[in-house]
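Student: Have a look at this one.
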There are 2 protein chains.
Amino acid sequence: MSADIRDHGGNIDLAMARFGGCPAEWIDLSTGINRVPYPLPSLPPEAWTALPTRTAQSRLLQVARANYRSDAPMLAVAGAQAAIQMIPRLGKASTAKVLSPTYNEHAAALRAAGWGVEDVGSLSALEGADLAVLVNPNNPDGRTYDPAALLQLTRKVGRLVVDESFADAVPTISIASGAGMAGLVVLRSFGKFYGLAGLRLGFVLGARDDITALAEMAGPWPVSGPALAVGTLALADQAWVQATIDRLRADTARIDALAAKSGWGLVGGTALFRLYDTPDAGAAQAGLARDRIWSRTFPFSSRWVRLGLPGTSAEWQRLADALQSQLPRT
Amino acid sequence: MSADIRDHGGNIDLAMARFGGCPAEWIDLSTGINRVPYPLPSLPPEAWTALPTRTAQSRLLQVARANYRSDAPMLAVAGAQAAIQMIPRLGKASTAKVLSPTYNEHAAALRAAGWGVEDVGSLSALEGADLAVLVNPNNPDGRTYDPAALLQLTRKVGRLVVDESFADAVPTISIASGAGMAGLVVLRSFGKFYGLAGLRLGFVLGARDDITALAEMAGPWPVSGPALAVGTLALADQAWVQATIDRLRADTARIDALAAKSGWGLVGGTALFRLYDTPDAGAAQAGLARDRIWSRTFPFSSRWVRLGLPGTSAEWQRLADALQSQLPRT
């Protein structure tokens, strides 16, 4: 299976190929990336010109540890995806269990590295696995899992990977403070909550041996200078974090109300995306696309549509109008 | 072996730990990174906020193919180092031969992935290897190899990796136009010649199957949005390339003349760094460090000092003064 043919959100070029338009015309709600990004600081020239130093990497990890409330061994990588690519090599390939449906790159990376992958539907069904993977809160349905239950589960599997890519707005469900124990690997994403997915920045927290092995796989300069500089400032800015959590809480209520008016039922979601049950996912996506709003559908569901949250007032108005025109004409 | 303990250039924080000073005081000549970088363009907001698109990745590869004069299958990665991390997994680990001395990360990444590594001293000694690695032109001594000889060598080894990280100024020695043949893997670096090492951008050219396998290892978004945007502009700017080649030719003659006045003999070099034979490498490094100029020494040589090229006039003057004070006091 090639990386080219897996479906993802954020594929706005595919939207344009199918429905036309130029990038500036589209509102991309096909991802869970915050559309009100952390304001870009001006960067020192060395962030661009010099090889990233150990000092810059350590400084980033220091603020990340405070932000994630963890003193576990930690590695900064070029996006949570970079960790997903490496994790299959932490142990000998056998059979992994993935709590599904979820972000499809976990299973894909495991299969590419020679693992068998079994999709399971409940936390307890992960027990006994050599490698168990879950996303908390889950993408696309927003299911959450209690950290205490996950710590117990860690003892019942060979290795547990908890992908917390969408946990920034709900720090109480994070297991990061428990990271460091043998067999537990926790992933954090920077780009989604901070709205800077192009930077490619993420973190892995885990037991010393696992983090050492991942650092060896990642090499000496896995994170770019701009990502180190921006991440270090953003992760230390607790005022922005709290204001963003508050805004996202109001915005999720707002988008759910708009969707309800179109008769779309909420399946679940997180602070950064909402999953709706629609009469026909393909028709809903095409309908929104006529108004240049790109949404996410799923190969395994004919009814689910996932929407990220608009950013500006103009984007909100366009989404409201587009959802309005989704109503069956009477 | 941990990535933390291998020695590299660019470790200016180590220089400060040993000799003091703050970053602004130091001139880092410990790398082969061009100190007159490609001028940073202003970037569109999407370069930071959005997931890199397939379209942006394809556009970068298109200009890279023109720049490297190759229509071979090609993958953009987060620096040539990212390719070095993945190449050991293209085949089953056995014994690799590395044309030495050279950039130490090749052997390190191979060993970390379970390979045995044999250092050899000549091109012909690579013959018969399951995996053979060479750097052309070589780091640190500037040795070059004829592309025709390398194409012949490809047929006599399981897989040949040619690292052309320092080939931008000498395009006639590049084997990139021959890439695509089975068993040949060519690496290119963006950050060194363009002076933007913090961006993390590099390329791998090779046979279709190898590039597909590397793309699967790298995952869907291996290169950041800023790297895609800057790389696409810079690699298309042939006027800057030619002006930079001309400037570097003059500058290498200038630094060699300065070194000669201090009695340092030229061992070899490239357009981006020069390797000198000195009476005592440790003393030479410490002497330059007193003037806040950081140089590269090598664990395997007590006499070799490698210097990158200064950028501004003020940097040239400081290097001239510092080298002058290297002369034995009479």
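The values are calculated or read from the model by the stated rules, or taken from the named source; none is laboratory data. All values reported here derive from a predicted model rather than from experimental measurement. Here Cβ is always computed from backbone atoms with ideal geometry, including for glycine, and neighbour counts include all displayed protein chains. When the accessible area is computed, the model is the full protein with side chains, heavy atoms only, and any ligands, DNA or RNA have been set aside. Shrake-Rupley method; radii C 1.70, N 1.55, O 1.52, S 1.80 Å.
Student: Please average, across the residues of A:48-61, the number of beta carbons from any other chain that are within 10 Å of each residue's own beta carbon, and give a whole number.
Tutor: 6
Student: Could you list which residues have their amide H under 5 Å from that of A:GLY268, counting only those 5 or more apart in sequence or on another chain, with H placed in the peptide plane?
Tutor: Those lying under 5 Å, H to H, from A:GLY268 are A:LEU275.
Student: In whole angstrom, note down how far apart the Cα centers of the range A:185-222 and the range B:1-79 are.
Tutor: A separation of 19 Å, based on Cα centres.
Student: Now for a separate question. Using 0.36 nm per residue, how much length does the chain from B:THR172 to B:ASP209 gain when fully extended, once their Cα-Cα distance is taken away? Display every interim value, and only then the final one.
Tutor: Values: separation 37, 0.36 × 37 = 13.32 nm, distance 2.65 nm.
That works out to 10.7 nm of additional length.
Student: Now a separate question. What are the distances, in nm and sorted shortest first, from the label point of A:THR144 to the label points of the same position in each other copy, with each label point placed 7 Å from Cα along the Cα-to-Cβ direction?
Tutor: For A:THR144, the other copies' label points sit at 6.3 nm, shortest first.
Student: In nm to one decimal, list the spacings between the A:ALA125 label point and its equivalents in the other copies, with label points set 7 Å along Cα to Cβ, shortest first.
Tutor: Listed shortest first, these distances are 5.8 nm.
Student: Would you work out if the range B:18-130 is rounded, prolate or oblate? Take a ≥ b ≥ c from the square roots of the eigenvalues of the alpha-carbon gyration tensor; rounded if a/c is under 1.5, else prolate when a/b is larger than b/c, oblate otherwise.
Tutor: oblate
Student: Could you tell me the relative contact order of chain A? Use alpha-carbon pairs under 8 Å, at least six residues apart, and round to a whole percent.
Tutor: Details: 621 pairs, mean separation 78.6, N = 330.
Once divided by the residue count of chain A, the mean separation gives 24 percent.
Student: Here's something else I'd like to know. So, counting K/R as plus one and D/E as minus one, what does the shell of residues with Cβ under 9 Å around B:LEU266 add up to?
Tutor: Charge balance in the 9 Å sphere: -1.
Student: Evaluate peptide A:224-231: per residue, the Cβ atoms of other protein chains within 10 Å of its Cβ; return the mean as an integer.
Tutor: Details: counts 13, 7, 10, 4, 1, 1, 2, 0.
Shielding by partners across A:224-231 averages 5.
Student: Next question, about the same structure. For B:ARG290 and B:MET181, what does the FRET efficiency come to when R0 = 41 Å and r is the distance between their Cβ atoms, rounded to the nearest 0.05?
Tutor: 0.20
Student: Give me the one-decimal nm value for the distance between modelled label points at A:LYS261 and A:PHE19, 7 Å along each residue's Cα-to-Cβ direction.
Tutor: 1.9 nm
Student: Let me know the charge dipole size of the protein assembly as shown about its Cα centre in debye, to the nearest 20, where only the beta-carbon of Lys, Arg (+1) and Asp, Glu (-1) is charged.
Tutor: Rounded to the nearest 20 debye, it is 60 debye.
Student: Mind listing the phi-derived Karplus ³J(HN,Hα) values for the range B:158-168, rounded to whole Hz, using 6.51, -1.76 and 1.60 with θ = phi - 60°, and x for any glycine or proline?
Tutor: Computed from phi, the couplings for the range B:158-168 are x, 8, 10, 9, 10, 8, 9, 4, 10, 8, 4 Hz.
Student: Under 8 Å for C-alpha pairs, at least 6 residues apart: give me the relative contact order for the range B:169-320, rounded to a whole percent.
Tutor: Result for the range B:169-320 is 14 percent.
Student: Using a 1.4 angstrom probe on heavy atoms only, work out the carbon and sulfur share of the accessible area of chain A in %. Provide the component values of the computation, followed by the final result.
Tutor: Working: 6760 of 12520 Å².
With neighbouring chains kept in place, the figure for chain A is 54 percent.
Student: Pick out, from B:PRO140, B:TYR194, B:ALA260, the residue whose Cα sits farthest towards the positive end of the charge dipole of the range B:138-265, with +1 on the Cβ of Lys and Arg and -1 on the Cβ of Asp and Glu.
Tutor: Among B:PRO140, B:TYR194, B:ALA260, the one farthest towards the positive end of the dipole of the range B:138-265 is B:ALA260.
Student: Over 24 Å between C-alpha atoms is what I'm after, so list which of B:LYS156/B:LYS192; B:LYS97/B:LYS156; A:LYS192/B:LYS192; A:LYS92/B:LYS92 land there.
Tutor: Details: B:LYS156/B:LYS192 31 Å; B:LYS97/B:LYS156 13 Å; A:LYS192/B:LYS192 30 Å; A:LYS92/B:LYS92 15 Å.
Where the Cα-Cα span goes over 24 Å, the pairs concerned are B:LYS156/B:LYS192; A:LYS192/B:LYS192.
Student: Could you give the nm distance between label points at A:SER302 and A:ARG249, where each point is 7 Å from its Cα heading toward the beta carbon?
Tutor: Computed distance between label sites A:SER302 and A:ARG249 equals 4.0 nm.
Student: Okay, moving on. Who wins for biggest fluctuation among B:ALA72, B:ALA149, B:ALA107 in a Gaussian network model of chain B, springs between alpha carbons below 10 Å?
Tutor: Sorting by GNM fluctuation, first place goes to B:ALA149.
Student: If you plug each phi of the range B:131-143 into the Karplus form 6.51 cos²θ - 1.76 cosθ + 1.60 with θ = phi - 60°, what whole-Hz ³J(HN,Hα) values come out, in order, with x for Gly and Pro?
Tutor: Rounded to whole hertz, the list is 9, 10, 10, 8, 10, 9, x, 7, 10, x, 9, x, 3.
Student: Something else: In deg cm²/dmol, rounded to 500, what helix-only [θ] at 222 nm does chain B give when every DSSP H run of at least 4 residues adds -39500 (n - 2.57) and the total is split over its residues?
Tutor: -11000 deg cm²/dmol
Student: Running a GNM on chain A with Cα contacts under 10 Å, which residue among A:GLY263, A:GLY21, A:GLY191 ends up with the highest mean-square fluctuation?
Tutor: A:GLY21
Student: When a/c reaches 1.5 or more, the comparison of a/b and b/c decides; with that in mind, is the range B:22-70 rounded, prolate or oblate per its Cα gyration tensor?
Tutor: It comes out oblate by the Cα gyration axes.
Student: Can you list residues from other chains, or at least 5 along the same chain, whose modelled amide H is less than 5 Å from the amide H of B:GLY180?
Tutor: Excluding prolines and chain starts, which carry no amide H, the hits are B:GLY206, B:ALA207.
Student: Quote the charge dipole size of chain A about the Cα centre in Debye, to the nearest 20; the model charges only the Cβ of Lys and Arg (+1) and of Asp and Glu (-1).
Tutor: With only Lys, Arg, Asp and Glu charged at Cβ, the dipole is about 100 debye.
Student: Could you calculate the contour length gain from B:ALA239 to B:ARG111, that is, 0.36 nm times the residue separation minus the distance between their Cα atoms, to one decimal place in nm?
Tutor: Computed gain between B:ALA239 and B:ARG111 is 42.0 nm.
Student: Note the distances from A:ALA253 to each other copy's matching label point, with points 7 Å along the Cα-to-beta-carbon direction, in nm, sorted shortest first.
Tutor: Spacings between copies for this position, smallest first, are 7.4 nm.
Student: Over both sides of the B-A contact, add up the buried accessible area with a 1.4 Å probe and give it to the nearest 100 Å². Please list the in-between numbers first.
Tutor: Details: alone 14380 and 14370 Å², together 25050 Å².
Roughly 3700 Å².
Student: Now for a separate question. By average Cβ neighbour count within 10 Å, what is the ranking of B:77-88, A:57-68 from highest down? Don't jump to the answer; show the numbers that get you there.
Tutor: Details: B:77-88: 26.4, A:57-68: 18.3.
So the peptides B:77-88, A:57-68, ranked by packing, come out B:77-88, A:57-68.
Student: Given a 1.4 Å probe and the protein chains all in place, what does the accessible area of A:LYS97 round to, in Å² to the nearest 10?
Tutor: About 40 Å², rounded to the nearest 10.
Student: Please identify, among A:SER224, A:SER313, A:SER189, the residue showing maximal mean-square fluctuation in a Gaussian network model of chain A using a 10 angstrom Cα cutoff.
Tutor: A:SER313
Student: Go through B:GLU127, A:GLU105 and list them by solvent-accessible area, largest first, probe radius 1.4 Å. Display every interim value, and only then the final one.
Tutor: Working: B:GLU127 85, A:GLU105 0 Å².
Heavy-atom accessible area, descending, gives B:GLU127, A:GLU105.
Student: Mind ranking A:228-240, B:6-18 by how tightly packed they are, going by the mean number of other C-beta atoms within 10 angstrom, highest first?
Tutor: Highest-to-lowest ranking by the protection proxy: A:228-240, B:6-18.
Student: Can you give the % of DSSP beta bridges in chain A that are antiparallel, to the nearest 5? List each step's numbers first, then the result.
Tutor: Details: 21 of 41 bridges.
Of those bridges, close to 50 percent are antiparallel.
Student: Output the direction-averaged projected area (hull surface divided by four) of the convex hull of the alpha-carbon atoms of chain B, in nm².
Tutor: 16.6 nm²
Student: Please say if the range B:170-223 is rounded, prolate or oblate, where rounded means a/c under 1.5 for a ≥ b ≥ c the square roots of the C-alpha gyration tensor eigenvalues, and otherwise the choice is prolate for a/b larger than b/c and oblate otherwise?
Tutor: Here the range B:170-223 falls in the oblate category.
Student: In addition: Counting only residues 5 or more places away or on other chains, whose amide H sits under 5 Å from the amide H of A:ALA96 once H atoms are built in the peptide plane?
Tutor: Placed amide hydrogens put A:GLY116, A:VAL117, A:GLU118 under 5 Å from A:ALA96.
Student: Ignore the peptide's own chain and count Cβ atoms of other chains within 10 Å of each Cβ in B:197-210; give me the average, rounded.
Tutor: That average works out to 3.
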